[in-house]
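First comes the structure, then the notes that go with it.
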Amino acid sequence: MKIVFFGTPNFAIPSLEYILASNHELLSVVTNPDKKSGRGLRKQSSPVKVFCTNRSMDSISFDDFNDVKACNYLKSLNADLFVVVAFKILPESVINIPRYGSINLHPSLLPKYRGSSPIQQSILNGDKETGVTIFKLNSKVDSGDVIIQNKCKIQDNIIFSDLYCELAKFGAEALLEAVNLIDQGEFSFLAQN
């Protein structure tokens, strides 16, 4: 399967590694543009861009996904699937470009904890379990039909950084499983409650 990967933070790197190690073809990596940060306001690259640079891989960034150039570039790749992990909200015009559409990895058991801080919410609420959801992207935030949802226990007294790393790896495994199911045509979608 021909894949374009979209991701920005460290959380996305295990998923990118799993795709690179698979028999699927990675066509391109899309990440956020460099941005100024820190005391000196120096330009900083995203962790995904740094990962790609360290492995002599190209990555690409767009300021605006509604721009014709961005859409035309993504269409020109002729991808089967867009895989999105911890990235900005994409417009429908981009989501629907590939033959199989776009899927997303979310670190919660959707519909619980939609949005940008599901790991923090599960810890703050004292949850005993959490998990990951792989779902088909649509125009609403974290509301698409589910392909895979896997649960895991939350250890007592776990801190955010540890659960973040656990779910990044756990999610990468589930994501590759979903990609394989889509490739084999053995998948079905389940609407969120």
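What is the set of long-range amide H partners of Lys2 at a cut-off below 5 Å, with H atoms built 1.01 Å from backbone N?
Residues meeting the amide H criterion: Glu25, Asp80, Leu81.
Asp156 accessible area, nearest 10 Å², 1.4 Å probe?
That residue has around 120 Å² of solvent-accessible surface.
Over the stretch 77-133, consider all pairs of different Cα atoms and compute the Kirkwood hydrodynamic radius from their mean reciprocal separation; express it in Å, one decimal. Walk me through the numbers on the way to the answer.
Details: mean 1/r = 0.0783 Å⁻¹.
Computed over the stretch 77-133, the radius equals 12.8 Å.
Among 12-24, 35-47, how do they line up by average Cβ neighbours within 10 Å per residue, starting with the highest? Show your work: numbers first, answer last.
Working: 12-24: 18.5, 35-47: 11.3.
Descending packing order for the listed peptides: 12-24, 35-47.
Just order 168-175, 52-59 by mean Cβ neighbour count inside 10 Å, highest at the front, would you? Mind dumping the intermediate values first?
Values: 168-175: 21.1, 52-59: 12.4.
Taking the mean over residues of other Cβ atoms within 10 Å, the ranking is 168-175, 52-59.
Less than 14 Å from a label point 7 Å out along the Cα-to-Cβ axis of Gln120: which backbone N atoms in the stretch 160-192 qualify, by residue?
160-161, 164
Give me the percent of accessible area attributable to carbon and sulfur for the chain, probe 1.4 angstrom.
Numbers: 4830 of 10190 Å².
In the chain, the share of accessible area belonging to carbon and sulfur is 47 percent.
Which whole-Hz ³J(HN,Hα) couplings does the stretch 115-123 yield from phi under the Karplus relation 6.51 cos²θ - 1.76 cosθ + 1.60, θ = phi - 60°, glycine and proline marked x?
x, 8, 9, x, 5, 4, 4, 5, 6
Here is the link list: Lys2/Lys75; Lys88/Lys128; Lys112/Lys151; Lys112/Lys136; Lys128/Lys151; Lys35/Lys140. Which ones come out longer than 18 Å on Cα distance? Numbers along the way, then the final one.
Working: Lys2/Lys75 12 Å; Lys88/Lys128 29 Å; Lys112/Lys151 12 Å; Lys112/Lys136 16 Å; Lys128/Lys151 11 Å; Lys35/Lys140 27 Å.
From the list (Lys2/Lys75; Lys88/Lys128; Lys112/Lys151; Lys112/Lys136; Lys128/Lys151; Lys35/Lys140), the Cα-Cα distance tops 18 Å for Lys88/Lys128; Lys35/Lys140.
Rounded to the nearest whole Å², what accessible area per residue is found for the chain with the 1.4 Å probe?
Numbers: 10190 Å² over 193 residues.
About 53 Å² of surface per residue is accessible.
Could you go through the stretch 95-101 in sequence order and give the Karplus-derived ³J(HN,Hα) for each residue, using 6.51 cos²θ - 1.76 cosθ + 1.60 with θ = phi - 60°, rounded to whole Hz, and x for Gly and Pro?
3, 8, 5, x, 4, 9, x
Convex hull volume of the Cα atoms in the chain, per residue, in Å³? List each step's numbers first, then the result.
Details: hull volume 24.3 nm³, N = 193.
In the chain, the Cα hull volume divided by residue count equals 126 Å³.
Among bridges DSSP assigns within the chain, what percent are antiparallel (round to 5)? Intermediate results must be reported in sequence, preceding the final value.
Values: 15 of 30 bridges.
Once the DSSP bridges in the chain are tallied, antiparallel ones form about 50 percent.
For the stretch 60-166, what value does the Rg/Rh ratio take when both radii are computed over Cα atoms and Rh is the Kirkwood radius, given to two decimals? Write out the running numbers ahead of the final one.
Details: Rg = 15.8 Å, Rh = 15.1 Å.
We get a ratio of 1.05 for the stretch 60-166.
The values are calculated or read from the model by the stated rules, or taken from the named source; none is laboratory data. Keep in mind that what you see is a predicted model, and the values were worked out from it rather than measured. Positions of Cβ are backbone-derived with ideal geometry, glycine not excepted, and every protein chain shown enters the neighbour counts. Calculation scope for accessible area: heavy atoms of the full protein, side chains included, ligands and nucleic acids excluded. Shrake-Rupley method; radii C 1.70, N 1.55, O 1.52, S 1.80 Å.
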